[in-house]
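Scroll down for the structure; my scribbles are underneath it.
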Amino acid sequence: MKKVALITGATGGLGRALALEHVRHGGDVILVARKATKVHALAAELHQVAPGQQVESMVVDFTAANAAQQVFAAVQALG
């Protein structure tokens, strides 16, 4: 069974480190962060580190009322 990690705050120190380690160990990741440029840059970096792993990125601000529903819907859409 494939392991998929949903990482919020993905562009911060701990989130970034978790994402890197997860793809290095064969897992897929869904990156969630507030800043589009940072989260997309991290996704590109992870594709370079582990080209065979699925890396998805989402721009979400969890201070918004519907943020959790937005992430849940996106995760469901990915299967």
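Structure above, values below:
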read-out: Members of the range 58-71 that are under 14 Å from the mean Cα position of the chain (by Cα) and loosely packed, with under 12 Cβ neighbours inside 10 Å; value: Asp61
read-out: Residue, farthest from Lys2 (Cα to Cα), within the range 45-57, restricted to residues that are within 11 Å of the chain's Cα centre (by Cα) and surrounded by fewer than 19 Cβ atoms within 10 Å (Cβ to Cβ); value: Glu56
read-out: Filter result (more than 11 Å from Ile7 (Cβ to Cβ) and touching a strand residue (DSSP E or B) at 6+ places or on another chain (Cβ under 9 Å)) within the range 29-40; value: Arg34, Lys35, Ala36, His40
read-out: Failed condition for Asp61, given (1) at pLDDT below 95; (2) of a type in the set (Asp, Glu); (3) closer than 17 Å to Ala5 by Cα; value: (3)
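Table: residues versus (1) in contact with a Lys or Arg (Cβ under 7 Å, 6 or more places away or on another chain); (2) polar (S, T, N, Q).
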residue	(1), (2)
Ala5	no, no
Gly9	no, no
Gly27	yes, no
Val39	no, no
Ala50	yes, no
Gln54	no, yes
Thr63	no, yes
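The values are calculated or read from the model by the stated rules, or taken from the named source; none is laboratory data. This structure is a prediction, so every number in the text was calculated from the model and none was measured. Ideal geometry is used to build each Cβ from the backbone, glycine not excepted, and the neighbour counts take in all protein chains shown.
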